[in-house]
Amino acid sequence: MQETALSKLFYRYARAYEVLNHIVHFPDISQKRMLKPSISGGNGLLLELGCGTGLSSRVLKKIPANIINMDVNTAFVQYGSKKQRFGKPLVGSAYRLPFPDNLFRTIFVPDAFHHILDHDLLFSECFRTLKPRGMFVIFDIVHEKHAPNTIINHFADGIIWDLNQAGFKKKISALARQHGFQVKGFSAAKEKTLMGIVLNGVDIEASLEKK
């Protein structure tokens, strides 16, 4: 994956990443927008996949579930651990989840889907590690209407998917059909932050159930 100078800065220095995150999501610094009823560990394990520095993990602590917080970025996990934001922190890749089959009741991907290039491998691994009828919840930010719906070279994130609402729903629905998930629903809300006001950002959530 091609990295820009800014992406190298943000992904190697956790504090720089957090400063950017606070700016674009101001005034929702506490990430309350991620607290959704569909995110629940039930009586089983919940995997937060792409936990970053733990900004979203602080919100998940309010959910009565046993949570594993995982990210591929060692610096981010170490930073969040020092801040005591995690339940059970772990460094690992979404492309090869270090877990046995049929383990999790819920897998939650918070603001991280747009960083993942191999969506087929992500869906395959999530299907493998979810229990039957387990929930796969993807929460991310997309453009409200206009977007190229393709891979672009983003100024901060390197190469990412750039989707609008329709493109996101189409992409997720196709992946769900291909990998054995049933789409339970989509929900979307305009971000009441700088991301929403300036960049027309929309929070969107996809809830999928393993068949």
Taking residue 56 as the residue in question, decide whether it is of a type outside the set (Phe, Trp, Tyr), crowded, with 16+ Cβ neighbours inside 10 Å and either outside any strand (DSSP E or B) or in contact with a His (Cβ under 6 Å, 6 or more places away or on another chain) (or both).
yes
When residues of region 104-136 are limited to those that are surrounded by fewer than 22 Cβ atoms within 10 Å (Cβ to Cβ) and assigned to a strand (DSSP E or B), the one nearest to the chain's Cα centre (by Cα):
105
Looking at this structure, is residue 66 more than 25 Å from residue 174 (Cβ to Cβ) and open to solvent by less than 60 Å² (accessible area, probe 1.4 Å)?
no
For region 164-172, state whether one or more residues are surrounded by fewer than 20 Cβ atoms within 10 Å (Cβ to Cβ) and either at pLDDT below 80 or closer than 24 Å to residue 17 by Cα (or both).
yes
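The values are calculated or read from the model by the stated rules, or taken from the named source; none is laboratory data. What you see is a predicted model, and the numbers here were worked out from it, not measured in a lab. All Cβ positions, glycine included, derive from the backbone under ideal geometry; neighbour counts span all protein chains shown. These accessible areas exclude ligands, DNA and RNA; they are computed on the full protein's heavy atoms, side chains included. Shrake-Rupley method; radii C 1.70, N 1.55, O 1.52, S 1.80 Å.
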